[in-house]
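Quick notes on the structure that follows.
The values are calculated or read from the model by the stated rules, or taken from the named source; none is laboratory data. Model, not experiment: these values are computed from the prediction. Cβ: placed from backbone, ideal geometry, glycine included. Neighbour counts: every protein chain shown.
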Amino acid sequence: MSISNRDIADILESIAVALELLSDNPFRARAYSSAARVVSSYKDPVDQLAREGRLAEIKGVGSSVAASISDIVETGTSALLSELLNEIPPDVWRMLSIPGLGPKRVKKLWRELGVDTLDELGDACKQGRLLSLEGFGEKLQSSIRNGIETLRRNEGRLLLSAALQIADEFIENLAANLSSHGPGLARTDSAHTDSPDISLEIVGAVRRRCETVDAIEILAGAADPDRAADIARAFEKVADGPVQPADMPDCERIGCAGRSDLTYSASAGFKGARVVIHVRPPSISAQSLFLLTGSQGHVDACLRLSPEALSADREFAGEEEIYSALGLTYVPPEMREDRGEIELAAQGKLPRLLEESDIKGILHIHTNYSDGSNTIEDIARYCLEQGYEYVGIADHSRSAFYADGLSESDLRKQHDEILEVQSRLTGIKILHGIESDILADGNLDYDDDTLAILDFVIGSVHSRFSMSRDDMTARVISAIRNPYLSILGHPTGRLLLSREPYQIDLAAVLEALAEEGKAVELNADPHRLDLDWRNCIVAKRLGIPVSINPDAHDTRGIENFRYGVAIGRKGWLSTADVLNCLTACDIIEKLRSMRSS
């Protein structure tokens, strides 16, 4: 089992936080926090060093931390972290997700105020009790109340990336259990036999590639009632929690009630996710796939076109035939949100959505010059092996002190190194960029002479999130007007399920990007997926190029671009709308034109 330096570092940092919450001795926590920083930026794979017994080579990693790293590498988790978390009330740990609450403040709330649940924290905020603690003011107390509301609102939801991973693991476990009951299992993307008598497919919000979901839904097809019973038994065995029959309004709507038309729900779910499985006979598999994928608005709008199209006695070979019967061209699952796609399908004017294979190059990758794990050459060679035509290095700028942002001299040193690596590496173009902080006054982080040496500049807001809507909008638009800015990075600053977007007039920002001929980032980090897909539709209409960027901090993080493509498809984007669908020659010319506009 391989585990990245960043994943190891994340677990070490969690251990450091847990130790800080539990102990009055700061030194052990600091040792783990320091080791996390070292491991995150270490140039070699730390898991390999652990397997070879060479962790002592890493400066700053002592024997106890080395033992924890070995445990992480061997098991994928940490026994020490599990032991520490058992001593911390679950809601105390969840408080760390509230903006403005780090370990020191959470410890004060827990130890000094005696608050160990979110309900108690909410009551303490209402009563103004937080103001008695050093470092807590009215503004922070109000922010914490809003943070609690956000946590409550997102309770039980999963990021798309987690949902896809869990769904695949669940289906693999389900398949393994079903195989003991007899042969014949297929998935639309992975057939297990030539003559399957059971099929499994992801449906619902996950199939539509919604950025967060509250359940993982699976459609299981089985013609034989005995095999349907096998599915139910296997589902109950794999699910972590109680399995119960669930409502099935989709079948009732088209009059398909029967012995094998059953829906089951695991209330506790699988790995913390709620899982629902729908067992249907193959005779209505196309209808079931269509109805269970949704969204409800899309399905209802389609049925209004022809209520009899999905009658119980009618069989379809696939969803394409359903849309044809409705007088529509096929609507990809990602677009089924009732936002005008049906009207376009009726006119035969749906866009040809981009595919992962359309991405010609990757921009926005951090190296070990700032908070990344890999060298420039590591990244360039990896991208070359993946078949990309170009790669864009974009480390943090100097104001991002928390991420070891680059000084001017470091940036020029990096520029020289890129030229040196490029001289030895053919077949891929290495572009030199920066993720420059957009400062509070709207300026970028370096002077013009420094910015002029770069191929592209991503401008991002990383501080002062609490500015007023007007001030934040003016700040960002000022940066857009800078002739050196190429791409506006993660334009709303949101972190899915944990941080709301900052206040900003995004419509005005997009108008400014269109006027200046600049691009907007669709940050493909699964915690961001920002630009939101709804505003991708707006950017497309305004002719703003969208750059799908992984915001990667190691080579594995480059694969984040897949989530960006999924959201781009959901936002109706075609290859003509996406900056990094351009060839190496064309993107260089495009980036130059942005600078001169």
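Values computed for the structure shown
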{"item": "Count of the stretch 438-450 residues which are closer than 24 Å to THR473 by Cα and either small (Gly, Ala, Ser) or over 31 Å from the mean Cα position of the chain (by Cα) (or both)", "result": "4"}
{"item": "Any hit, the stretch 384-407, residues being without any contact (Cβ under 8 Å) to a residue 40 or more places away in the chain, of a type in the set (S, T, N, Q) and closer than 30 Å to LEU289 by Cβ", "result": "no"}
{"item": "Which numbered condition ARG28 misses (of (1) in a helix (DSSP H, G or I); (2) of a type outside the set (Asp, Glu); (3) under 29 Å from the mean Cα position of the chain (by Cα))", "result": "(3)"}
{"item": "Output for the stretch 266-275, where each listed residue is surrounded by fewer than 20 Cβ atoms within 10 Å (Cβ to Cβ) and either in contact with a Phe, Trp or Tyr (Cβ under 8 Å, 6 or more places away or on another chain) or assigned to a loop (DSSP other than H, G, I, E, B) (or both)", "result": "LYS271, GLY272"}
{"item": "Qualifying residue in the stretch 521-537 (condition: among the β-branched types (Val, Ile, Thr), within 15 Å of ARG481 (Cβ to Cβ) and more than 15 Å from the chain's Cα centre (by Cα))", "result": "no"}
{"item": "Test set (1) surrounded by fewer than 18 Cβ atoms within 10 Å (Cβ to Cβ); (2) closer than 30 Å to SER2 by Cβ - ALA576 fails condition number", "result": "(2)"}
{"item": "Top-ranked residue in the stretch 354-369 [being in contact with a helix residue (DSSP H, G or I) (Cβ under 7 Å, 6 or more places away or on another chain) and not hydrophobic (A, V, I, L, M, F, W, C); ranked as farthest from ASP586 (Cα to Cα)]", "result": "TYR369"}
{"item": "ASP471 at pLDDT below 95 and not in a loop (DSSP other than H, G, I, E, B)", "result": "no"}
{"item": "Matching residues in the stretch 330-358 - criterion: being buried (at least 19 other Cβ atoms within 10 Å of the Cβ), in a loop (DSSP other than H, G, I, E, B) and of a type in the set (Gly, Ala, Ser)", "result": "none"}
{"item": "Yes/no for VAL476 being among the β-branched types (Val, Ile, Thr), touching a strand residue (DSSP E or B) at 6+ places or on another chain (Cβ under 8 Å), within 18 Å of LEU522 (Cα to Cα) and not in a strand (DSSP E or B)", "result": "yes"}
{"item": "Criterion violated by ALA222 - all others in (1) among the small types (Gly, Ala, Ser); (2) buried (at least 22 other Cβ atoms within 10 Å of the Cβ); (3) at pLDDT 85 or above satisfied", "result": "(3)"}
{"item": "Unique match (being assigned by TED's automatic domain parsing to the domain that holds LEU292 and either surrounded by 18 or more Cβ atoms within 10 Å (Cβ to Cβ) or within 19 Å of ILE548 (Cβ to Cβ) (or both)) among LEU305, LEU310", "result": "LEU310"}
{"item": "Matching option when the condition is more than 25 Å from the chain's Cα centre (by Cα), assigned by TED's automatic domain parsing to the domain that holds ALA512 and not polar (S, T, N, Q), among GLU420, GLU435", "result": "GLU420"}
{"item": "Matching residues, the stretch 235-251, being at pLDDT 70 or above and either on the phi > 0 side of the Ramachandran plot or touching a helix residue (DSSP H, G or I) at 6+ places or on another chain (Cβ under 8 Å) (or both)", "result": "PHE235, LYS237, VAL238, VAL243"}
{"item": "Residue count for the stretch 543-581, restricted to those that are within 18 Å of ARG336 (Cβ to Cβ) and either without any contact (Cβ under 8 Å) to a residue 60 or more places away in the chain or not assigned by TED's automatic domain parsing to the domain that holds TYR382 (or both)", "result": "1"}
{"item": "Search result, residues across the stretch 368-398 that are at pLDDT 95 or above, farther than 15 Å from ASN560 by Cα and of a type in the set (S, T, N, Q)", "result": "SER397"}
{"item": "In the stretch 423-432, residue surrounded by the fewest Cβ atoms within 10 Å (Cβ to Cβ) [restricted to those that are within 31 Å of the chain's Cα centre (by Cα) and of a type outside the set (A, V, I, L, M, F, W, C)]", "result": "GLY427"}
{"item": "Hey, VAL17 at pLDDT 95 or above and on the phi < 0 side of the Ramachandran plot or not", "result": "yes"}
{"item": "The stretch 22-48 residues that are closer than 14 Å to ASP10 by Cα, paired with ones that are at pLDDT 90 or above and charged (D, E, K, R) (beta carbon under 6 Å, 6 or more apart)", "result": "ALA29/GLU20; ALA36/GLU13"}
{"item": "Residue in the stretch 37-59 that is assigned by TED's automatic domain parsing to the domain that holds ARG105 and closer than 30 Å to ARG111 by Cα present", "result": "yes"}
{"item": "Pairs where the first residue, in the stretch 459-475, is assigned by TED's automatic domain parsing to the domain that holds ALA519 and the second is among the acidic types (Asp, Glu), C-beta under 6 Å, 6+ apart", "result": "SER460/GLU435; HIS462/ASP437; THR473/ASP505"}
{"item": "Residues of the stretch 303-329 satisfying the condition of being touching a Phe, Trp or Tyr at 6+ places or on another chain (Cβ under 9 Å), in a helix (DSSP H, G or I) and under 21 Å from THR263 (Cβ atoms)", "result": "LEU310, GLU319, ILE322"}
{"item": "Pair list, Cβ under 8 Å, 6 or more apart: the stretch 80-93 residue touching a residue at least 60 places away in the same chain (Cβ under 8 Å) and assigned by TED's automatic domain parsing to the domain that holds THR117, other residue part of a loop (DSSP other than H, G, I, E, B) and surrounded by 16 or more Cβ atoms within 10 Å (Cβ to Cβ)", "result": "VAL92/ASP116"}
